[in-house]
Amino acid sequence: MKQWLLALLLALLVTVPVSAAGVPDELWDALPEGTESILEDTDLSGTDPLGGGAVQIFQNLIGQARSVLLQRLRGAVSILLVALLCGAVEGFSQTAGGTGPKLVLAAGALSVTLLAAGSFESLIGMGGGTIQELNEFARILLPVLAAATAVSGSITTATVQQVTAVLFTGLLLKLIQELLLPLTYLYIGTLTASACLPGGRLGNIAEALRKCISWILCGALTAFTLYLSIAHVISGATDATAVKLASSAVAGMVPVVGSIIAEAAETVLAGAGMLKNTIGIFGTLAVLAACAWPFLHLGIQYLLYKLAGFLAGVIGSPELCKLIDGLGSAFGLVLGMTGASALLLLIAILSSVAAVT
Amino acid sequence: MDVDLIFRIAAIGILVAVLNQLLVRSGREEQAMMTTLAGLVVVLMMMVRQISDLFDLIKTLFGF
Amino acid sequence: MGQVMQITLVCVVTALLAAAVRRGAPEAALLLGLAAAVAAVLALSESLRSLMDFFAELTAQTGVSNELFVPLYKTVGIALVVKIGSGLCKDAGAAALASAVEIAGAVCALLAALPLLKKAMDVLLELMG
């Protein structure tokens with residue numbers, strides 16, 4: 001596998017003689033869907049292309065946030081209504097002599113899960129699609145970057161790093177698609193089952209599953225960053241206190257994915273100073289733009305479900321509240337997976353660019 | 001509400017009770033028994049309609 | 001509120017009548033209880049209907065299919081009938097019959113809930129498969 005990849009690389013190196021200045025057409029072709037329009041508006045030869053592009057992406061997001069929020073709010077309100085209905089039916093059946101089996105919880109949990117299922121299909125599909133697109137983009141981008149690195153003199157560093165990065169992104173994608181996404185579905189199923197049964201013994205298993213998923217994700221990321229820092233690719237030359245402050249703020253706000261995003265912020269901030277060539281900036285912006293849309297959706301969904309879980313705890317049973325909260329965590333997990341693959345690609349770009357001046 | 005029905009049943013009950021007492025006192029135990037049964041049957045006939053109404057109501061209301 | 005007063009009054013008066021009749025004709029007292037219970041529930045039909053309409057409206061608003069909640073309503077109806085029936089049996093001094101009614105109610109409630117449980121199974125299997 002490694003040898004084959006190396007051979008492919010050498011072939012690419014021969015066929016793509018790229019300088020660090022321009023963005024080749026094949027990169028434009030390989031861009032993830034929906035990012036072309038954002039990147040076309042960005043002036044890559046300006047004084048601060050990275051900042052300008054980031055602002056562009058940010059403005060784009062703000063413009064869409066309202067419609068996304070409205071679209072997702074409908075689902076959250078439906079779930080709250082289910083909680084309300086369950087509360088009402090529960091009270092009714094208790095006064096009517098609730099001697100029968102406890103079915104209200106089962107019906108409520110089932111309808112909440114069914115309501116969320118539509119969002120899950122689309123959002124998990126969105127996350128998975130983005131990861132896939134990022135991977136394909138990486139396959140084109142990293143050789144080009146490696147070629148640029150090679151042009152500037154250090155062939156061995158470039159190829160070795162690039163092989164590692166491609167290997168890692170492929171591995172992470174496989175891990176996410178074949179292990180973590182099914183595990184997320186299993187987590188949702190366990191949550192539903194535990195909400196159906198009074199007592200909540202299964203809830204512990206669901207919680208363990210969730211922890212397991214985030215550990216695997218964080219572990220994979222840590223392994224990659226550890227490798228890179230051993231290889232002395234990234235130097236944390238930026239203002240350390242500012243980075244620490246930013247990361248702790250993010251981590252405190254969004255518990256599940258916080259550490260991933262915080263790590264990403266740290267790495268990007270640390271590496272941003274090194275990003276001086278056009279392809280690197282182009283790649284970074286493309287990754288950011290590709291992630292922005294699913295991040296917006298998943299983030300809004302995550303926060304809405306957490307809010308709905310809290311409100312459901314006020315009007316309904318604690319079991320339903322737990323279920324809604326857990327569904328929010330599942331959205332957070334998908335958010336973390338998308339973020340992890342984006343982070344991996346960003347680090348790969350930074351590490352490849354580090355050698356280029 | 002069918003308060004009339006309840007009062008009618010109560011009236012029949014009292015009537016049957018009095019008749020029963022009279023017949024028992026005059027030594028016609030079998031006829032006392034028959035009166036009781038007849039009263040029971042009459043009241044049940046009156047109530048069958050109501051009970052079927054109740055079941056129909058529950059069936060339509062709770063989606064059976 | 002008015003309805004509660006009405007029903008309470010009717011039931012108390014019926015209980016008094018039944019107590020009066022019980023010495024002479026115990027079966028008539030039982031029938032009185034039955035008649036009063038039936039009349040009370042029938043009088044509640046309008047309120048019950050508006051309650052169920054509200055539930056149906058809420059269900060429609062949430063967008064969940066009604067088939068998830070119909071089993072619930074069925075079990076509530078079963079509980080209603082069983083409670084009154086077993087109470088009457090106990091009044092008549094037939095505790096064994098009362099427990100038989102309760103067992104029948106539990107079995108039928110589970111049977112009515114089967115579609116819901118099946119649906120739960122399907123959803124879980126789909127999620128885990």
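The values are calculated or read from the model by the stated rules, or taken from the named source; none is laboratory data. Every value quoted in this text rests on a predicted model; they were computed, and no experiment measured them. Cβ: placed from backbone, ideal geometry, glycine included. Neighbour counts: every protein chain shown.
Give the range C:23-53 a look and list any residue that's within 9 Å of another protein chain (Cβ to nearest Cβ), in a helix (DSSP H, G or I) and closer than 25 Å to B:THR36 by Cα, or say none. Residues satisfying the conditions are C:GLU27, C:ALA28, C:ALA29, C:LEU31, C:LEU32, C:LEU34, C:ALA35, C:ALA36, C:ALA37, C:VAL38, C:ALA39.
Table: residues versus (1) facing chain C (nearest Cβ under 7 Å); (2) in contact with a Gly (Cβ under 7 Å, 6 or more places away or on another chain).
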| position | (1), (2) |
| --- | --- |
| B:ASP2 | yes, no |
| B:LEU19 | no, no |
| B:LEU22 | no, no |
| B:SER26 | no, no |
| B:GLU29 | no, no |
| B:VAL41 | no, no |
| B:MET47 | yes, no |
| B:LEU54 | yes, no |
| B:PHE62 | yes, yes |
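Just one residue in the set A:ALA193, A:ALA208, A:ALA148, A:ALA220 is crowded, with 22+ Cβ neighbours inside 10 Å and modelled with pLDDT of 70 or more; that residue is A:ALA193.
Determine whether A:VAL160 is at pLDDT below 85, out of contact with any helix residue (DSSP H, G or I) (no Cβ under 8 Å at 6 or more places or on another chain) and part of a helix (DSSP H, G or I). Please lay out each step first, then the result.
Values: at pLDDT below 85: yes; out of contact with any helix residue (DSSP H, G or I) (no Cβ under 8 Å at 6 or more places or on another chain): yes; part of a helix (DSSP H, G or I): yes.
In short, yes.
Within the range C:79-86, identify whether any single residue is under 21 Å from A:VAL104 (Cβ atoms) and within 9 Å of chain B (Cβ to nearest Cβ), and answer yes or no. Please lay out each step first, then the result.
Here is the first cut: in the range C:79-86, the ones under 21 Å from A:VAL104 (Cβ atoms) are C:79-83.
Imposing the further condition that a residue be within 9 Å of chain B (Cβ to nearest Cβ) reduces the set to C:80-81.
Looking for residues that are under 21 Å from A:VAL104 (Cβ atoms) and within 9 Å of chain B (Cβ to nearest Cβ), one finds at least one in the range C:79-86, hence yes.
Restricting the range B:12-31 to residues that are aliphatic (A, V, I, L, M) and buried (at least 19 other Cβ atoms within 10 Å of the Cβ) leaves a set whose member that is nearest to C:LEU31 (Cα to Cα) is B:ILE12. Comparison of C:VAL107, C:VAL81, C:VAL123 shows that the only residue that is at pLDDT 85 or above, β-branched (Val, Ile, Thr), surrounded by 14 or more Cβ atoms within 10 Å (Cβ to Cβ) and assigned to a helix (DSSP H, G or I) is C:VAL81.
Considering the range C:60-78, and only residues there that are over 16 Å from the mean Cα position of the chain (by Cα) and without any contact (Cβ under 8 Å) to a residue 24 or more places away in the chain, the residue that is surrounded by the most Cβ atoms within 10 Å (Cβ to Cβ) turns out to be C:PHE69. When the range C:87-97 is limited to residues that are assigned to a helix (DSSP H, G or I) and more than 12 Å from chain B (Cβ to nearest Cβ), the one that is nearest to C:ALA39 (Cα to Cα) turns out to be C:GLY87.
Among the candidates C:ALA100, C:ALA56, C:ALA112, single out the residue that is in a helix (DSSP H, G or I) and surrounded by 18 or more Cβ atoms within 10 Å (Cβ to Cβ). First the steps, then the outcome.
Working: C:ALA100 fails: surrounded by 18 or more Cβ atoms within 10 Å (Cβ to Cβ); C:ALA56 fails: surrounded by 18 or more Cβ atoms within 10 Å (Cβ to Cβ).
Going through C:ALA100, C:ALA56, C:ALA112 in turn, just one is in a helix (DSSP H, G or I) and surrounded by 18 or more Cβ atoms within 10 Å (Cβ to Cβ): C:ALA112.
Residues in the range B:16-49 that are of a type in the set (Ser, Thr, Tyr) and outside any helix (DSSP H, G or I): 1 in all.
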